[in-house]
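Contents: one structure, followed by commentary.
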Amino acid sequence: MPAPSSTRTARDAVSPARVAELTAIIRSTTGETRTTTSPLTGEAVAEIPRSSIDDVEAAFDAARATQLTWSQTSLRQRSRALLRLHDLVLERREELLDLIQLESGKARSHAFDEIVHVALTARFYARRLQRQLKPERRSGALPGLTSVRVNHVPKGVVGIISPWNYPLTMAISDGLPAIAAGNTVVHKPDSQSPLIALAGVELLRDAGFPPDVWQVVSGAGSVVGTAIIERADYICFTGSTATGSLIARQAADRLVSCSLELGGKNPMIVLPGANVEKTAAGAVNACFSSAGQLCVSIERLYVPDSLYDEFRDAFVRRVNALALGANLDWDADMGSLVSPAQLETVTKHVDDAIANGATVLTGGNARPDLGPYFYEPTVLEDVTDAAECFAGETFGPLVSLYRYGTVDQAIELANAGEYGLNASIWGPVRQARGIAATIKAGTVNINEGFSASFGSIDAPMGGMRHSGLGRRQGAEGIHRYTEPQSVALQRGFPMSGPAFLRAETYAKILTIGLKVLRRTPRA
């Protein structure tokens, strides 16, 4: 696993003056700051202002005042701003890539995935806003006499608590349909990666969105995050299942809705008819993109007995060829873990699996020679159910290989456990499609690890079981931020019948009418 060489490093990513410009976006009156560090080097990056509960309150006051006027802007105006954002993200991608790498530690190619995802999301909702938000005609109770329209009314102020692992797109892309629907946002980016989120908010303002449409606060989740949950009209959270469960209870106490994308222990099934080399290549990206710190990353690989040895050898060979690096270039295939806590988790899972009988096929070592939190991409086999990584999410560059005898057995193994976020199936398309419907996961990718569903913005994305509630992307991704309002108009005579008819007579006429409608296919 060689390390590439380059001259651009994390120290080249951002100047103190640029940090000051970005952190000025944060609403903070405390005078207190906290220091962020880069996982690439362990060195300090920025002093980030801390927000107080009063700052959160002020952010919501400003957001509520702005929402009243913002919700009255035309859909065409919002679409134009989204398209300008699309263009700006692509134009300024180099700085965005630097900031993503600086704060998350990921390889530049994986950082570019975030640029693409934000651009795709902005363009998708810009092009479909009229179709998704215009009032819909629905069938009325009495044909010709009752007409119904359904309006999509914005929730109000949306609270977004975004994660560190995809710090640009999970910060911005989840909020785009919220503001496109006429809401405003109060946002707490993760404490590890505030600068790239702030750069995204700056782009929103440059694209034409009013500044108070998107408020940013900063601080501990237990303080600032809780204050957001206590005030928001809707909550969007991406993170751990434990925290998501707590947020769901807090939202339920206030009778407000939430969408939660949570943990996963995502399986990949290799079918007997799969092309081994292509599948092994796809599995490398599916397992080690962003050093495995991706909610939809594959952590369990099920391979038929007939292909196991061939696939294992091809997979391990490709993993061994991955280049690790901490520089701001395109040479590295995989970057760093994000923090000491992530490094500790990965190390613990590997050591525990070995202690319970697992075999390390490749990797299994930290790489402090590259950076403080680097860990080699690691492949295990012979992992038993006594190992913590057997069913528990690692969220790092660790995958376990398992044999299976029949496809039915593979399906059963893939569906085991409490999660249901993403799954991947490699092999003949017709067979894979049939299997996909039996998998308990919000997304299933065929002959791809996760990118096909993740990048298809027209398709909803989210988890089943303990992997979350609600969906991002697609029409579902914008309608979650609205309340359906039914507006019914009655003509001619009231639903209770004309005044000149006795109730019994009207009931008989209505009964005949209902029987006629029963025979009308479109009624």
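The values are calculated or read from the model by the stated rules, or taken from the named source; none is laboratory data. Treat the numbers as computed from the prediction; the structure is a model and nothing was measured. Note that each Cβ is placed from the backbone with ideal geometry, even for glycine, and that neighbours are counted across all protein chains shown. Calculation scope for accessible area: heavy atoms of the full protein, side chains included, ligands and nucleic acids excluded. Shrake-Rupley method; radii C 1.70, N 1.55, O 1.52, S 1.80 Å.
Remarks
- Look at the dipole of the chain built from charges on Cβ: of 268, 180, 445, the Cα furthest out on the positive end belongs to 180.
- Neighbourhood charge, 10 Å Cβ-Cβ cut-off, centred on residue 220 and excluding it, Lys, Arg +1 and Asp, Glu -1: +3
- Residues residue 464 and residue 141, FRET efficiency given R0 of 30 Å [Cβ-Cβ distance, rounded to 0.05]: 0.25
- Region 390-455: relative contact order as a whole-number percent, Cα under 8 Å and 6+ apart: 29
- Derived scalar couplings between HN and Hα for region 505-522 equal 5, 5, 5, 5, 4, 5, 5, 4, x, 5, 5, 5, 4, 4, 8, 9, x, 8 Hz in order, rounded to whole Hz, by the Karplus curve 6.51 cos²θ - 1.76 cosθ + 1.60 (θ = phi - 60°), x for Gly and Pro.
- Across region 488-498, coupling constants 3J(HN,Hα) worked out from phi with the 6.51/-1.76/1.60 Karplus curve, θ = phi - 60°, read 10, 10, 10, 10, x, 9, x, 4, 6, x, x Hz, and Gly and Pro carry x.
- Applying 1/(1 + (r/R0)^6) with r as the Cβ-Cβ distance of residue 253 and residue 305 and R0 = 45 angstrom yields a FRET efficiency of 0.35.
- Computed from phi, the 3J(HN,Hα) profile of region 124-129 under the Karplus parametrisation 6.51, -1.76, 1.60 (θ = phi - 60°) reads 4, 6, 4, 6, 10, 4 Hz, with x in place of Gly and Pro.
- The length gained on full extension between residue 406 and residue 522, counted as 0.36 nm times the residue separation minus their Cα-Cα distance, comes to 37.2 nm.
- Probing with 1.4 Å while keeping every protein chain in the model, the per residue accessible area of the chain equals 41 Å².
- Aspartates and glutamates whose Cα lies under 20 Å from that of residue 134, excluding same-chain neighbours fewer than 8 positions away: 458, 476, 483
- Mean shadow area of region 1-146, taken as a quarter of the surface of its Cα convex hull (nm²): 14.9
- Region 342-405 and region 145-169 have Cα centres separated by 38 Å.
- Each of 520, 500, 510 was placed along the dipole of region 469-523 (beta-carbon charges, centred on the mean Cα), and the one lying farthest toward the positive end is 520.
- Each Cα pair under 8 Å and six or more residues apart adds its sequence gap; the mean of these over the residue count of region 217-353 is a relative contact order of 17 percent.
- Chain lengthening between residue 245 and residue 360 when straightened (0.36 nm per residue, less Cα-Cα): 38.0 nm
- Members of 155/265; 106/278; 106/265; 278/440 lying beyond 31 Å, as alpha-carbon distances in this model show: 155/265
- If both residues of a DSSP beta bridge must be in the chain, then about 40% of such bridges are antiparallel.
- Near residue 278, once Lys and Arg are set to +1 and Asp and Glu to -1 for all other residues with Cβ below 13 Å from its Cβ, the sum equals -2.
- Per residue of the chain, the DSSP helices (runs of n ≥ 4 H) give a summed -39500 (n - 2.57) that works out to -12000 deg cm²/dmol at 222 nm.
- The charge dipole of region 192-281, taken about its Cα centre with unit charges on the Cβ atoms of Lys, Arg (+1), Asp and Glu (-1) only, comes to about 280 debye.
- Unit charges at the beta carbon, dipole of the chain: most positive-side option, 145, 290, 419: 145
- Full extension of the chain between residue 206 and residue 77 gives 45.0 nm of extra length, using 0.36 nm per residue less the Cα-Cα distance.
- Database remark: amide H of residue 446 closer than 5 angstrom to the amide H of 425 (H placed geometrically; neighbours at sequence offset of 5 or more, or on other chains; Pro and chain starts carry no H).
- Ignoring the sites themselves, the chain has its longest run without trypsin sites (Lys or Arg not before Pro) in a DSSP loop having at most 15 other Cβ atoms within 10 Å at 93-490.
- Rounded to the nearest 20 debye, the dipole magnitude of region 435-523 is 520 debye, with +1 charges on Lys and Arg beta carbons, -1 on Asp and Glu beta carbons, and the Cα centre as origin.
- Charge dipole (Cα centre; +1 on Lys/Arg Cβ, -1 on Asp/Glu Cβ; no other charges) of the chain amounts to roughly 3520 debye.
- Amide proton proximity set for residue 361, modelled H, under 5 Å, gap of 5+: 379, 380, 381
- Using a probe of 1.4 Å on the protein chains alone, the accessible area found for residue 29 is around 110 Å².
- For residue 268, distant residues with modelled amide H under 5 Å away: 300, 301, 302, 424
- When exposed loop sites are taken as chymotrypsin sites (Phe, Trp or Tyr not before Pro) in a DSSP loop with at most 15 other Cβ atoms within 10 Å, the longest stretch of the chain clear of them is 1-329.
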